[in-house]
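These notes are about the structure you will find just below.
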Amino acid sequence: MASTSIRKTFSSNGNTKKWTFSAWIKRTGLGSVQRLLSCDEAGNNNHDDFYQFQNDDTIVLGHYDSGYYANLTPTRKFRDCNSWYHFVITWDTAQSTASDRFKFYVNGVQETSFSTATYPSQNKDSFINTTEPIEIGKRSDNDTQYLDALLTHVHFCDGYAYAASDFGETDATTGEWKAKTSPSVSYGTNGFFIFKDGNSLTDQSSNTNNWSAVSGTLTDLKDNPDNVFCTMNPLDNYWQGSTFSNGNNTVVSGSSSTTFNTSTLMMTSGKWYAEVKPTAGSATSQIGVTGRLAVNATSSLAITTSAVGYLDSGSVWGSNSNQGGSWSTYSNNDIIGIAINLDNTQGGLNKLYFSKNGVWQNSADPSNHSSTTGVLGITAPSNLTGTDNGAYAFAMNETWNDNTRTWQWNFGNGYFGTTAVATNSGNGYAGAEGASKFNYQPPTGFSALSTKGLNE
């Protein structure tokens with residue numbers, strides 16, 4: 001939702017002393033002030049309710065009325081960009097015990113460790129649930145402090161104080177906290193349930209309290225709390241030269257130094273497929289896999305041990321040597337497919353394949369596990385040593401400090417940047433796990449790198 005926000009203005013006040021807000025959120029940008037939920041009193045920006053991430057990736061839940069009347073600041077930081085958080089905020093100022101008037105739950109557990117804990121006075125009214133505009137995704141009184149995150153299953157219950165267990169539950173098989181898709185809660189007059197399915201702003205509570213987008217573009221990604229997709233990792237940013245956007249699936253290299261970036265999820269077995277499209281810039285581009293974390297890497301996939309990079313010049317390098325074969329050059333807006341097979345070895349080595357715009361290079365056939373044509377051999381993850389980490393990651397780098405480059409990755413979410421895949425009538429093609437959307441058909445038996453794919 002970076003640079004995107006949604007808004008709702010209610011026709012009458014609801015219960016300003018008791019309400020519950022519940023949302024699933026996956027952060028995609030760190031290190032800046034970002035508002036999740038915001039409501040300002042008209043004409044007075046010193047009177048507002050705000051729930052925002054801070055520069056240090058903590059969160060503040062505040063009610064400011066010419067000074068803090070309520071402020072909960074947990075000590076923990078929220079820096080995981082590959083997992084979904086479930087947040088529940090309960091405002092119930094009729095309670096006699098101060099700490100019962102304002103509660104915050106994360107993934108089913110009530111937060112109790114705070115650097116600041118100022119609770120509202122008894123029967124204190126909130127600005128939220130009044131006729132003032134309420135905004136999700138930015139500061140409500142101006143176009144600043146945009147939220148850089150994904151959202152799903154957003155509830156507001158007017159006049160009810162619920163706990164996290166009313167909206168989520170522990171999965172009996174996995175032990176993970178998961179969403180109740182149709183929770184048994186009441187919504188009251190101003191309550192709503194949005195983002196139940198994809199990017200829909202239509203209220204699913206039967207109240208018809210529909211919302212409107214007021215800035216940016218909403219996208220409908222496959223990523224959700226039940227199936228988390230791989231992204232590029234903003235915390236693994238060699239020389240800190242790259243910038244990240246669009247859910248950390250768009251990466252722009254820096255111009256002053258070599259950049260090297262890897263994926264959040266890594267692979268030790270299985271068959272996996274991903275797509276990447278360079279879209280701008282002219283820096284030397286290398287796309288491939290690596291068995292080494294970027295923070296410990298040398299400057300190039302071409303020379304890094306246990307890595308292979310497909311260069312835009314058409315050569316394929318690994319371990320500082322040309323891997324041979326007949327390869328096409330590629331340029332901006334070409335789509336490069338990467339298929340890595342860690343289950344079927346050849347000569348003791350695992351298999352790696354590349355495609356350009358749906359054509360497998362060097363006459364490769366990754367669907368045919370017995371084929372030896374066009375295969376690049378890579379060391380088994382169990383044999384990776386030294387600064388290698390025992391698993392492979394998808395990776396790319398811009399090298400030799402010659403310019404910038406923009407890459408848009410699709411790990412199965414169905415988008416390159418903010419543009420949906422265009423093939424198969426816009427439906428794309430699913431991997432073997434059945435819950436992904438690629439521009440080109442993945443090879444038989446290859447899955448999207450996601451929690452569903454990993455679990456299967």
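What follows is calculated from the coordinates using simple rules that are stated; it is not laboratory data. Given the structure is predicted, the values throughout are model-derived calculations rather than measurements. Note that we place each Cβ from the backbone using ideal geometry, even for glycine, and neighbour counts take in every protein chain shown.
Computed from the Cβ-Cβ distance with R0 of 51 Å, the FRET efficiency linking residue 444 to residue 33 stands at 0.60. Summing charges over neighbours of residue 429, with a neighbour being any other residue whose Cβ is under 13 Å away from its Cβ, gives 0 when K and R count +1 and D and E count -1. Across segment 1-110, the volume of the C-alpha convex hull divided among the residues equals 126 Å³ per residue.
In order along segment 74-83, the phi-based Karplus estimate (6.51 cos²θ - 1.76 cosθ + 1.60, θ = phi - 60°) of 3J(HN,Hα) comes to x, 6, 6, 9, 10, 10, 7, 9, 10, 10 Hz; Gly and Pro are listed as x.
For segment 101-107, 3J(HN,Hα) computed residue by residue from phi via the Karplus equation (6.51, -1.76, 1.60; θ = phi - 60°) reads 7, 8, 10, 9, 10, 10, 6 Hz, glycine and proline entered as x. With the simple model of a label 7 Å out from the Cα in the direction of the Cβ, residue 181 to residue 115 spans 4.0 nm. The listed peptides 139-148, 84-93, ordered by packing as a protection proxy, come out as 84-93, 139-148 (highest mean of other Cβ atoms within 10 Å first).
Values of log10 I(q)/I(0) for the chain across q = 0.07, 0.14 Å⁻¹ run -0.39, -1.21, by the Debye formula with one identical scatterer at each alpha carbon and no solvent.
Since only 217, 167, 408 are under comparison, the one whose Cα sits farthest along the positive direction of the charge dipole of the chain, derived from C-beta charges on Lys, Arg, Asp and Glu, is 408.
With a cut-off of 19 Å on the backbone N, the residues of segment 430-450 near the modelled label site 7 Å out from residue 226 along Cα-Cβ are 430-437, 448-450.
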